[in-house]
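Report on one structure; see the data block that follows.
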Amino acid sequence: MRTLIYLDESGDLGWLFDKPYRYGGSSRMLTISAVCLPQNKVALLKRIVKSLYIKRKRPLKNELKYINLNTADKQLFVQQLENLLHKHQDITLHSITINKQAVANRLRKDPNILYNYMVKSLLLQVICENKQVDFIPDRRSERVNSKWNMDEYLQQMIQEAFIEQKFQSNHINQSCHITPMDSAKSMELQFIDFYTGLVWAMYEFSDTKLENLEKHKNVIHHYLFFD
């Protein structure tokens, strides 16, 4: 059974902190999230996303993104997400959030280095511990700029982890295929867009909608630069 991983981000890679966010300033936080699941359970993600379209009486061709969700939409999504995680322990959610204001200047000069490190911290172990992986990032997240390639970077990290025996006997990965997609054509990517937005809002705006998810063992949060 192949393992599918869908990835998205929320926040930005700007460094303007002298003005409020959305009023000339950059986001203070950046979150990258991924949902990992067996190939035969993809329909469960689609079902949750479709329920929001139905609630909004919105045609599927008119993409629904996190920024379009109102409070009731978010509450419905979180409720269904909790049910999903309770019933399906083999579906896992992973996120990494950084406090950008604490990032060293040398890392701010090249966003590729910081972004690469975040992706590695978030997904390397998950990929190495699954035999056959299809990794589907939102096409917007595929590369920070034209000089950076997520596929080459991750393939190198997987091989280095094998050489270093980093995950020892759990390193069973045989292949990792990366296929960026447009979120407008993927309800799975829309699912992780909703989740990533909620995680990011938890740190950017102290939003508490996800506070009950901490009890689930299949929800993993990582934090960087929060000292």
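Computed from the coordinates by the stated procedures, all read-outs in this text should not be read as laboratory data. All values derive from a computational prediction rather than experimental measurement. Cβ sites come from the backbone with ideal geometry, for glycine too, and all protein chains shown count toward neighbours.
Each of the peptides 116-126, 101-111 was scored by the mean count of other Cβ atoms within 10 Å over its residues; in descending order, highest first, they stand as 116-126, 101-111.
Which shape class applies to the chain: rounded if a/c is under 1.5, otherwise prolate when a/b exceeds b/c and oblate if not, where a ≥ b ≥ c are the square roots of the Cα gyration tensor eigenvalues? Note, shape of the chain comes out oblate. The order of Glu211, Glu204, going from fewest to most other C-beta atoms within 10 Å of their C-beta, is Glu211, Glu204. Of all DSSP bridge pairs formed entirely within the chain, close to 50 percent run antiparallel. Each stretch of four or more DSSP H residues adds -39500 (n - 2.57); spread over every residue of the chain, this sum gives -12500 deg cm²/dmol at 222 nm.
The phi torsions of the range 83-99, fed into the Karplus equation with coefficients 6.51, -1.76 and 1.60 and a -60° offset, translate into couplings of 5, 4, 5, 5, 7, 10, 5, 8, 9, 10, 10, 10, 9, 9, 10, 10, 8 Hz, rounded to whole numbers, with Gly and Pro shown as x. Summary of packing: across the peptides 181-187, 217-223, the per-residue average of other C-beta atoms within 10 Å ranks them, highest first, as 181-187, 217-223. Ranking of Ser51, Ser95 by neighbouring Cβ atoms within 10 Å, starting from the fewest: Ser51, Ser95. What separates the Cα centres of the range 157-217 and the range 40-97 is a distance of 15 Å.
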